[in-house]
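Enquirer: Quick one: the structure is below, questions incoming.
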Number of protein chains: 2
Amino acid sequence: MSNLPNTPTTQTTFLSTEHLVEIVHRKTLQTCLAGVAARIESDFLRWAEFDKSPRVACHSPEGVIELMPIADASDFAFKYVNGHPKNTRWGLPTVMAFGVLADVATGIPRLLSELTISTAIRTAATSALVARVVARPQSKTMAMIGNGAQSEFQALAFRDMVGITHLRLFDTDPAATDKLEANLKGQGLAITRCANAMEAVHGADIVTTCTADKTNATILTPEMIAPGMHINAVGGDCPGKTELHRGVLEASRVFVEFEPQTRIEGDIQQMPAEFAVTEFWKVLSGVAAGRENSEQITVFDSVGFALEDYSVLVYMRDAALELGLGEQIELVPRIENPKNLFGLLSEPLASSQANVAIAPLRKVALG
Amino acid sequence: MSNLPNTPTTQTTFLSTEHLVEIVHRKTLQTCLAGVAARIESDFLRWAEFDKSPRVACHSPEGVIELMPIADASDFAFKYVNGHPKNTRWGLPTVMAFGVLADVATGIPRLLSELTISTAIRTAATSALVARVVARPQSKTMAMIGNGAQSEFQALAFRDMVGITHLRLFDTDPAATDKLEANLKGQGLAITRCANAMEAVHGADIVTTCTADKTNATILTPEMIAPGMHINAVGGDCPGKTELHRGVLEASRVFVEFEPQTRIEGDIQQMPAEFAVTEFWKVLSGVAAGRENSEQITVFDSVGFALEDYSVLVYMRDAALELGLGEQIELVPRIENPKNLFGLLSEPLASSQANVAIAPLRKVALG
């Protein structure tokens with residue numbers, strides 16, 4: 001918006017998955033996690049400035065495809081994301097995403113970016129941000145139940161932002177734990193492999209559940225929970241997919257991102273509408289209390305909110321600009337006379353404009 | 001969906017505005033208009049197979065940004081489109097669009113395409129398709145009120161699909177008419193420039209209104225309308241933007257694309273909810289009558305429906321495949337082990353995978 005009169009270009013910056021890998025490599029994952037968390041924190045602190053639309057979901061027998069829009073006064077963002085639990089049959093990720101940042105003032109799409117890696121970063125950054133605020137100070141040990149695609153990001157964010165030094169791991173698939181353990185080698189985290197969820201949770205200050213099955217599971221039951229624990233419940237994130245026994249929720253102070261969405265998608269979908277929850281931005285803003293005492297059990301019922309995607313898109317846009325990364329693509333046309341769209345089909349293309357080999361066209365054939 | 005087990009790739013084909021220009025150049029605009037119209041016709045004939053979600057709109061003082069999703073059993077499509085009437089101040093188009101086709105079965109985005117040029121093509125193709133069915137046979141003369149970005153596409157589609165040989169042009173901006181006349185030179189259309197809308201409409205078989213002002217205008221009033229006319233009302237397409245006096249609607253048989261959307265966005269927004277309209281797919285399917293006699297006035301209250309975007313995306317996808325056009329981009333990652341997203345950050349990229357210059361990474365720095 002600010003640079004509008006000077007640069008009336010319609011070019012869009014494209015960040016591919018390779019660009020994202022390059023950004024993370026050059027800035028370090030630690031810096032990206034901390035930077036995205038800082039963006040999310042500052043964006044949550046201006047909660048009221050955002051136009052928070054409901055997400056649009058298209059359900060099919062195999063999965064769901066969603067569009068998640070959000071906007072403030074200057075930027076419109078949306079994320080495309082799917083959820084197809086059986087995709088691993090084809091060697092495909094179950095969740096893939098990409099997103100766009102556009103100028104609210106003109107509608108020009110300014111950034112098209114992968115959001116699969118970025119979503120893992122923003123999810124972990126959000127979880128660690130919440131835990132830093134509501135978990136007990138000096139939490140050192142985290143149980144991780146579910147050691148899949150998100151788990152390394154969670155582990156490193158909690159190490160850096162919360163001070164976790166010890167992980168207790170469990171997954172029904174031992175190969176997933178092998179992979180997590182191998183990926184975390186040399187990262188300064190002590191690791192204990194556990195035979196089951198009950199064992200993993202034993203002695204943990206924080207419990208992260210991040211399982212993939214689309215089912216109403218009870219990964220955590222009340223007898224597993226010790227006073228003062230913080231539960232970071234990441235995997236219960238759509239209708240019919242929960243991880244916590246309702247007794248765990250009943251015994252806890254529960255924090256959510258955006259209440260109307262979490263009522264439908266989060267672990268609290270199994271609770272009555274009057275079950276009390278606290279939106280995390282209110283805790284950050286000082287409007288609501290966080291943890292009330294060291295014995296209280298706290299739960300972050302994470303589902304993933306469009307604002308976090310906006311935050312990571314803005315962070316990656318700035319990082320790409322700083323590092324000189326990204327490709328310029330012609331997603332929408334540059335037109336000298338906006339009333340002459342047809343002229344695009346009959347006039348020679350400026351060579352600077354063409355990113356593909358196209359012979360200059362004098363006149364389009366009209367048969 | 002059909003080629004799934006054999007090609008578990010996550011690559012996305014990107015069609016830029018230059019690719020679209022190239023497709024139109026190589027196939028001819030005539031072929032594209034006819035081909036897109038044929039696709040729209042066949043897709044309208046399987047109306048019930050589509051999951052027709054409401055569009056999501058984000059309004060701001062300067063304009064609107066919308067996401068328009070639709071899906072059948074195999075393809076999910078959405079369009080991003082803005083509407084910013086004051087964009088011409090910056091030399092920018094008022095309407096820009098792009099869209100995506102994705103596999104419903106896996107969620108993989110298969111096609112990312114410009115939709116600014118494509119929207120002009122599908123809008124004109126839809127208008128001509130409707131007129132071919134409901135205008136009087138042997139219609140030869142069309143009045144065109146509003147000679148902006150859409151007008152050439154409308155003129156050529158009506159020439160090819162309806163048999164229009166004579167245009168009567170008017171625009172409040174004579175430069176727009178100059179441009180339209182120049183662009184249509186040598187296209188086999190006799191052109192008469194008119195001093196006002198009343199004069200343009202005189203003797204016309206079909207009247208196309210395609211004006212840009214976001215206002216409740218009365219481009220056409222009842223005294224301008226002759227028995228048997230077909231009115232192709234393209235410009236009245238969002239709340240607060242209409243072109244027809246309500247008396248014109250009252251005197252006519254009105255056809256719409258998707259009634260719930262047109263009630264909000266079309267010229268019929270000024271009519272009571274019980275005002276009768278006919279969805280065009282019903283006429284195509286033989287479920288409802290089209291024109292009932294040669295004296296009847298017919299109106300196509302065009303607003304633009306997501307299904308038409310789906311149709312043009314599928315057409316352009318097939319055309320790009322046939323012509324070997326488009327770029328492969330990495331919008332979502334290729335991952336050998338879908339549970340090892342983190343591995344993307346620590347393993348070397350396959351050279352075939354990189355479309356930007358990135359040094360192979362052995363290990364991501366983690367600070």
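Enquirer: Would you mention how many residues in the range A:148-175 are of a type in the set (S, T, N, Q), outside any helix (DSSP H, G or I) and free of Cβ contacts under 8 Å to residues at least 60 places away in the same chain? Spell out how you get there, then give the answer.
Expert: Our first condition is that a residue be of a type in the set (S, T, N, Q); within the range A:148-175, this holds for A:150-151, A:154, A:165, A:172.
From the residues that got through so far, the ones that are outside any helix (DSSP H, G or I) too are A:150, A:165, A:172.
Then keep just the ones that are free of Cβ contacts under 8 Å to residues at least 60 places away in the same chain; that gives A:165, A:172.
Total meeting the criteria: 2.
Enquirer: Tell me yes or no: at least one residue of the range B:75-82 is of a type in the set (Gly, Ala, Ser), surrounded by fewer than 24 Cβ atoms within 10 Å (Cβ to Cβ) and outside the structural domain of residue B:240 (by TED's automatic domain parsing).
Expert: The answer is no, given that none of the residues of the range B:75-82 is of a type in the set (Gly, Ala, Ser), surrounded by fewer than 24 Cβ atoms within 10 Å (Cβ to Cβ) and outside the structural domain of residue B:240 (by TED's automatic domain parsing).
Enquirer: So, residue A:39, is that one among the basic types (Lys, Arg) and closer than 27 Å to residue B:337 by Cβ or not?
Expert: When the stated conditions are applied, residue A:39 does not pass them.
Enquirer: Return the total of residues in the range B:6-38 being over 24 Å from residue A:16 (Cα atoms), surrounded by fewer than 21 Cβ atoms within 10 Å (Cβ to Cβ) and in contact with a Phe, Trp or Tyr (Cβ under 9 Å, 6 or more places away or on another chain).
Expert: Qualifying residue count, the range B:6-38: 2.
Enquirer: OK, next. When only residues in the range A:286-333 that are among the β-branched types (Val, Ile, Thr) and within 17 Å of residue A:100 (Cβ to Cβ) count, which is farthest from the chain's Cα centre (by Cα)?
Expert: A:332
Enquirer: Just for the range A:109-119: of the residues that are surrounded by 24 or more Cβ atoms within 10 Å (Cβ to Cβ) and hydrophobic (A, V, I, L, M, F, W, C), which one is nearest to residue A:18 (Cα to Cα)?
Expert: Filtering first and then ranking leaves A:117.
Enquirer: Continuing with the same structure: Can you work out which of the residues in the range A:54-68 that are in contact with a helix residue (DSSP H, G or I) (Cβ under 9 Å, 6 or more places away or on another chain) and outside any strand (DSSP E or B) is modelled with the highest pLDDT? Even if it seems obvious, please write down each step before you answer.
Expert: First pass over the range A:54-68, keeping only residues in contact with a helix residue (DSSP H, G or I) (Cβ under 9 Å, 6 or more places away or on another chain): A:54-55, A:62-63, A:68.
Narrowing the set further to residues that are outside any strand (DSSP E or B) leaves A:54-55, A:62.
Numbers: A:54: 70, A:55: 79, A:62: 90.
Within the range A:54-68, the match that is modelled with the highest pLDDT is A:62.
Enquirer: Testing residue A:191 on (1) modelled with pLDDT of 95 or more; (2) farther than 30 Å from residue A:293 by Cβ; (3) under 22 Å from the mean Cα position of the chain (by Cα), one condition comes back false. Which one is that?
Expert: (3)
Enquirer: Are there any strands (runs of 3 or more DSSP E) wholly within the range B:176-251 with 2 or more residues that are under 26 Å from residue A:346 (Cα atoms), and if so which?
Expert: Working: elements: B:190-193, B:206-209, B:216-220, B:230-233, B:242-244.
Correct list: B:190-193, B:206-209.
Enquirer: How about the range B:98-129: which of its residues are over 30 Å from residue A:85 (Cβ atoms) and more than 7 Å from chain A (Cβ to nearest Cβ)?
Expert: B:115, B:118, B:119, B:121, B:122, B:123, B:124, B:125, B:126, B:127, B:128, B:129
The rows are residues; the columns are (1) in the same structural domain as residue A:16 (by TED's automatic domain parsing); (2) of a type in the set (Phe, Trp, Tyr).
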| residue | (1), (2) |
| --- | --- |
| A:92 | yes, no |
| A:97 | yes, no |
| A:123 | no, no |
| A:145 | no, no |
| A:151 | no, no |
| A:158 | no, yes |
| A:167 | no, no |
| A:171 | no, no |
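Enquirer: Taking the range B:43-53, which residues are in contact (Cβ under 8 Å) with a residue 24 or more places away in the chain and in a helix (DSSP H, G or I)?
Expert: If the condition is that a residue be in contact (Cβ under 8 Å) with a residue 24 or more places away in the chain and in a helix (DSSP H, G or I), then B:43, B:44, B:47, B:49 are the ones that fit.
Enquirer: Oh, and also: Would a scan of the range A:309-321 turn up a residue that is surrounded by 20 or more Cβ atoms within 10 Å (Cβ to Cβ), in contact with a strand residue (DSSP E or B) (Cβ under 9 Å, 6 or more places away or on another chain) and at positive phi?
Expert: no
Enquirer: What residue, among those in the range A:307-347 that are at pLDDT below 95 and in a helix (DSSP H, G or I), is nearest to residue A:33 (Cα to Cα)?
Expert: A:344
Enquirer: Another one. Considering only residues that are surrounded by fewer than 18 Cβ atoms within 10 Å (Cβ to Cβ) and either modelled with pLDDT under 95 or under 24 Å from residue A:265 (Cβ atoms) (or both), which ones fall in the range A:283-295?
Expert: A:285, A:287, A:288
Enquirer: Right, here's the next one. Considering each of B:204, B:195 in turn, give the residue that is touching a residue at least 24 places away in the same chain (Cβ under 8 Å), surrounded by fewer than 17 Cβ atoms within 10 Å (Cβ to Cβ) and farther than 21 Å from residue A:340 by Cβ.
Expert: B:195
Enquirer: Still on this model: Would you be able to tell me the number of residues in the range B:299-351 that are among the aromatic types (Phe, Trp, Tyr), within 30 Å of residue B:66 (Cα to Cα) and touching an Asp or Glu at 6+ places or on another chain (Cβ under 6 Å)?
Expert: Residues meeting the conditions: 1.
Every residue, every condition in (1) out of contact with any helix residue (DSSP H, G or I) (no Cβ under 6 Å at 6 or more places or on another chain); (2) farther than 21 Å from residue A:47 by Cα; (3) surrounded by fewer than 19 Cβ atoms within 10 Å (Cβ to Cβ); (4) assigned by TED's automatic domain parsing to the domain that holds residue A:144, yes or no:
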{"site": "A:223", "(1), (2), (3), (4)": "yes, yes, yes, yes"}
{"site": "A:234", "(1), (2), (3), (4)": "yes, yes, no, yes"}
{"site": "A:240", "(1), (2), (3), (4)": "yes, yes, yes, yes"}
{"site": "A:246", "(1), (2), (3), (4)": "no, yes, yes, yes"}
{"site": "A:250", "(1), (2), (3), (4)": "yes, yes, yes, yes"}
{"site": "A:254", "(1), (2), (3), (4)": "yes, no, no, yes"}
{"site": "A:259", "(1), (2), (3), (4)": "yes, no, yes, yes"}
{"site": "A:263", "(1), (2), (3), (4)": "yes, no, yes, yes"}
{"site": "A:274", "(1), (2), (3), (4)": "yes, yes, yes, yes"}
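Enquirer: Test residue B:260 against the stated conditions and say whether it is farther than 21 Å from residue B:125 by Cα and either of a type in the set (D, E, K, R) or part of a loop (DSSP other than H, G, I, E, B) (or both).
Expert: Judged against the criteria, residue B:260 is not a match.
Enquirer: Step by step: first the residues of the range A:84-97, then only those that are at the interface with chain B (Cβ under 7 Å from one of its Cβ atoms) and part of a loop (DSSP other than H, G, I, E, B), then the one that is nearest to residue A:69 (Cα to Cα). Which residue is that?
Expert: This residue is A:96.
Enquirer: With the condition kept exactly as written, say whether any residue in the range B:296-303 is in a loop (DSSP other than H, G, I, E, B) and at pLDDT below 95.
Expert: Quick first cut of the range B:296-303, residues in a loop (DSSP other than H, G, I, E, B) only: B:296, B:302-303.
Within this subset, residues satisfying the condition of being at pLDDT below 95 are B:303.
Checked the range B:296-303: at least one residue is in a loop (DSSP other than H, G, I, E, B) and at pLDDT below 95.
Enquirer: Could you list, in sequence order, all residues of the range A:102-145 that are part of a loop (DSSP other than H, G, I, E, B) and closer than 25 Å to residue B:334 by Cα? It would help to see each step written out before you state the result.
Expert: Taking the range A:102-145 and keeping what is part of a loop (DSSP other than H, G, I, E, B), we get A:104-108, A:115, A:135-140.
Within the range A:102-145, just A:115 meets the criteria.
The values are calculated or read from the model by the stated rules, or taken from the named source; none is laboratory data. Note that the structure is predicted; figures quoted are calculated from it, not measured. For neighbour counting, all protein chains shown are included, and Cβ atoms are generated from backbone atoms with ideal geometry for every residue, glycine included.
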